[in-house]
Amino acid sequence: MDFRTVLAAAVLMLLTAPSWAQAKKSAPAGPPPALVKVAAAEQIRMAPTVWLPGSVVSRDDARIAAEVDGRLVSVAEVGTRAETGDPLARIDETELKILKTEAEAVVLRERAKLQYAEQELVRLKSLAGKGLVTKSRLDQARAERDAARGEWKVAKARLDGAQDRLNDTVIAAPFSGVVAERYRSLGERVSAGDEVVRLVSPESLETRVRIPPASLPHVTLGTEVRVLANPSQTIAKVRSVVPVGDDRSRLYDVRLALVDAHWPAGTTVRVAVPTAKPRQVIAVPRDALVLRPTGISVFRAGEDGKAELVRVQTGLAEGEMIEVIGDIKPGDRVITRGGELLRPGQALNIMPDRTVN
């Protein structure tokens, strides 16, 4: 190939290739649009809180005791489910049956005495009408009749008491629940008042938490607080507040009604207890925060579809929301996903989200 051929080929390439200016113009300007998710900043009420330990307890938690003396002939096993009225334990009834039989015999004897006294009074009244019996003898017969009636009533009361004690040999469940503990075993002798089993209702549950005096003015009936039991959490309402502090700890007992949670009794929880009155704040999801050595900021989706970096300070926090102080207004769309590598002014490709206005 000679020199003229090479020169012609070079000229042809220069004529057909685009100019450097045209190539620069056609090249994409800046990074491509970033795929992000956004959420709206909200104006909500928040209060400073402190996380305190609590536990799930049952409102129906009783230590069931014996009502009469005797030897245990049966005791429900731990874990036994009992409905109201079901037997939890039984006491040997032999001795009490004997006492009941004796009481029945006394009732029969006193009833016979009463019947005789009534018949004698009727007979004497008839004779008194004929002048054959003095008034004092008639009064004596009437007194004997009244005394016999009183003895009969006493005997009946003792029989009723014997029957009640016999019925008390069956220790019944006062409410539906589960036997959580056994304090006495089969064959042991118990006295009236001795605890036999512990019955706990797994349905009527609530959370118990003890709060310091500083929180007491801000915790009232109906106050909603966050309850956390890893990995789940719920919102509970204050059901009762006991405004009497413990002598040692100086803490106050608060009970929270559980509605949606299904934690068993004994579960350890943490409760966010307010320490001041709630106030209006601008809050964003925690995922919107961009933490860098230079400070805290959030990316906002501007009206032109580009990312705007806004410096903020954080304040109160509640759940997934956190207060931000800065140039953020309610309704601003802040980026919650995809902002890690964003640059200010970068174009955005926002994924649809029905929760965003």
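Throughout, read-outs are computed from the coordinates displayed, never taken from laboratory work. The model shown is predicted, which means the values in this text are computed figures rather than measured ones. Backbone-built Cβ (ideal geometry, glycine too); neighbour counts: all protein chains shown.
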Can you tell me which of Val68, Val273, Val209 moves the most in a GNM of the chain? Springs connect C-alpha atoms under 10 Å apart. Val68
What dipole magnitude, in Debye to the nearest 20, does the range 93-168 give about its Cα centre under +1 on Lys/Arg Cβ and -1 on Asp/Glu Cβ? 620 debye
Highest-MSF residue in the chain out of Ser249, Ser58, Ser297 [GNM, Cα springs under 10 Å]: Ser249
How compact is the chain by the rule of thumb for globular proteins, expressed as Cα Rg over 2.2 N^0.38 Å? 2.11
Mind checking which aspartates and glutamates have their Cα closer than 17 Å to the Cα of Lys156? Skip sequence neighbours fewer than 8 apart in that chain. Glu102, Glu104, Glu110, Asp146, Asp164
Given the convex hull of the Cα atoms of the range 93-168, what is a quarter of its surface area in nm²? 4.8 nm²
Less than 18 Å apart at the alpha-carbon level, and either on another chain or at least 8 residues along: which aspartates and glutamates does that give for Lys130? Glu120, Asp139
Using helices alone, I'd like the mean residue ellipticity at 222 nm for the chain: each DSSP H run of four-plus residues gives -39500 (n - 2.57), total over residue count, nearest 500. -9000 deg cm²/dmol
